[in-house]
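Every number here is computed from the coordinates shown, using simple stated rules; none is lab data. Everything numeric here is computed off the predicted structure, so don't read it as measured data. We place every Cβ from the backbone using ideal geometry, glycine too, and count neighbours over all the protein chains shown.
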Amino acid sequence: MGSKSRAFLIAITLAGRALADPTPQEKETARNLMDEGRELRDDKKDLKAALQRFIGADQIMHVPPTAFEVASTQAQLGQLVEARETLARLLSAPPKPGEPPQFKDARSKAQGLDDSLAGRIPTLIVSLNHAPPGVKVVIDGVPFPQSLIGLPARANPGHHVVIANAKTEEGRQEVDLREGERKEITIDLVSRGVDHENIVKETPVVTETSHGGGGLRTVGFVLLGVGGASLVVGGITGALTFSTQSDLATKCPNHICGPESHDELASANTLGLVSTITFIAGGVLASTGIVMVIVGKPSATKEEHARVVPWIGPGSAGLAGTF
């Protein structure tokens with residue numbers, strides 16, 4: 001155990017006699033936090049982590065040595081305003097009878113640090129070109145009292161972002177402060193162009209779209225055309241088949257044909273097969289086309305019905321109707 005740790009352990013032990021006595025576990029925890037804090041600050045140069053340890057120890061003990069370590073580390077981090085507040089708390093508590101020498105030494109160091117900080121803390125004056133009702137000012141995200149607008153306010157050194165917001169106006173300005181510097185900024189509030197608290201909700205425009213049946217009807221008409229053509233071919237081949245079979249009936253009594261009629265008989269059979277197939281295919285295609293045309297038709301104000309009439313003429317056949 002180092003000399004500083006032993007001295008601190010003695011100091012907090014003696015302090016327990018005059019103050020609310022922490023438990024032994026709390027005292028040991030505070031001593032360990034102080035050791036870690038000094039190591040992080042002096043050896044590892046990690047001031048933020050060291051500050052966390054010192055604050056933890058001070059919240060347990062509430063004695064001058066722990067408070068001074070907190071203030072000293074805050075000052076090294078540039079948190080001069082926070083350090084001055086910690087020192088004010090330390091120095092405002094009067095010495096108590098029987099305090100160990102380490103407490104007196106911490107108070108003496110705290111007074112010296114407080115005197116030096118008084119001239120190091122910068123001053124910032126925030127003014128507005130005009131102050132509309134309800135204006136709010138924030139510095140680095142922290143609300144700035146409206147009563148301090150236009151007055152000298154203390155701030156830590158470094159970079160700061162100042163934002164002023166009103167109902168329909170806003171302004172923003174950034175400023176860099178050095179230790180001991182006094183600076184004044186004036187923020188111009190300009191209209192945002194939109195009242196974000198009273199936005200008029202517009203009725204969305206709905207664009208009417210088609211039912212999507214045009215493509216289906218187009219395919220249906222194509223199938224109707226192909227089916228009609230097939231029926232025409234079937235009608236023509238059927239007529240040729242009928243004509244050939246009439247000739248064969250004359251040449252082949254009792255359905256018995258000689259060798260000279262075999263080619264004509266084969267041709268008649270082929271034409272009959274072609275006629276049957278084309279008629280069936282045409283009928284299927286035409287029926288499918290009719291269904292697709294009817295299904296794909298857009299709705300109308302008056303009910304309409306499809307009407308299809310087949311027709312067969314000399315050497316031709318097809319479908320006629322309304323859709």
Exercise for the section: Along Cα→Cβ, 7 Å out, is where each label goes; now give me the distance between the ones at H130 and Q146 in nm to one decimal. Expected result: 1.7
Completion exercise
In nm, the gap between the two label points placed 7 Å beyond Cα toward Cβ at V161 and A93 is 3.8
Problem - Gained length - Q59 relative to T270, 0.36 nm times residue gap less alpha-carbon distance - result: 65.0 nm
Completion exercise
Quick note on E99, E170, E184, E69, ordering by fewest other C-beta atoms within 10 Å, gives E184, E170, E99, E69
Problem - FRET efficiency estimate (nearest 0.05) - Cβ-Cβ, I139 to K45, R0 51 angstrom - result: 0.95
Problem - Contour minus Cα-Cα distance for R182 and T288 (0.36 nm per residue) - result: 29.2 nm
Handout entry: 5 angstrom amide H check on F144, placed H, neighbours 5+ away
Key = V137, V138, I139
Handout entry: Simple spin-label estimate for E85 and D115 in nanometres, 7 Å along Cα-Cβ
Key = 2.6
Problem - Phi-based couplings in Hz for the stretch 105-112 (Karplus 6.51, -1.76, 1.60; Gly and Pro marked x) - result: 5, 5, 5, 5, 5, 5, 5, x
Problem - For I187, residues with placed amide H under 5 Å, excluding near neighbours - result: S127, L128, N129
Practice task
Just rank K48, K109, fewest to most, by other beta-carbon atoms within 10 angstrom.
Solution key: K48, K109
Practice task
List, in the order given, every pair from K27/K96; K44/K104; K44/K96; K48/K183; K27/K104; K45/K109 whose Cα-Cα distance in the structure shown is over 26 Å.
Solution key: K44/K104; K44/K96; K48/K183
Problem - Förster radius 41 Å - calculated FRET efficiency between Q76 and V190, Cβ distance, rounded to 0.05 - result: 0.55
Fill in the blank from the handout: Cβ density ranking, 10 Å radius, fewest first, applied to F103, F68 yields F103, F68
Fill in the blank from the handout: Sequence order, the stretch 139-150: Karplus ³J(HN,Hα) from phi using 6.51 cos²θ - 1.76 cosθ + 1.60, θ = phi - 60°, Hz rounded, Gly and Pro as x, gives 10, 6, x, 9, x, 9, x, 4, 5, 9, 5, x
